[in-house]
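These notes concern the structure reproduced below.
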Amino acid sequence: MIRCLLVVFGGTGDLAHKKIYPAVYNLYVSGQLPENFALVSIGRRDKTEDSFRREAAESIGRYTRENSGTRQDIDRIVSRFYYRRADFTAYDGYQEIKDYLDTLDGRYRTVGNRVFLPGCRPGAFRHHCKKYFPKRYVRSGDGIQKGCHRKAVWTGPSFRFRIEPDPHRCLS
């Protein structure tokens, strides 16, 4: 299991609530999530971290598959969920987000490993990637490529990690 921060752009939308948060919970109750893990949701809506966690817990309860988890399991995993408000159409808050992620890296000892996941439309995710990774390289199953992928971005140690089934979709 790889320690990391999972960063969800568009984390207040339907995709995140119906698919991503229940999937993270199912990984947790099946013992497949490391202790050194946290989820950061980036969204445009004005809400507190507590209200975000309550909504994520409700979504997990409503949309998760049947499992042996309990309400305490939901509470334990959402305690590792964080929310940051940012409207990137009017605000260039990437440095603030990076600083916040650096703080969580220290708290969860994730050593800079981050997975960026789109919970927003693909064009918006490409925009976030270009802003966050202007001169970085990301790794894919076919080696290191410049730019970012449409579906997910991994920033961690150099080893083969399959991100995008079609590496030709990588932005150059």
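Where a number appears in this text, it was derived from the coordinates with a stated rule and is not lab data. Everything numeric in this text was worked out from a predicted model, so none of it was measured. Note: ideal-geometry Cβ built from the backbone for every residue, glycine included; neighbour counts use all protein chains shown.
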Simple spin-label estimate for ARG76 and THR48 in nanometres, 7 Å along Cα-Cβ:
2.6 nm
May I ask you to list the trypsin sites (Lys or Arg not before Pro) in the range 1-73 that are in a DSSP loop and have at most 14 other Cβ atoms within 10 Å of their Cβ?
ARG45, ARG65
Measuring from label point to label point, each 7 Å out along Cα→Cβ, what is the GLU58 to GLN32 span in nm?
2.8 nm
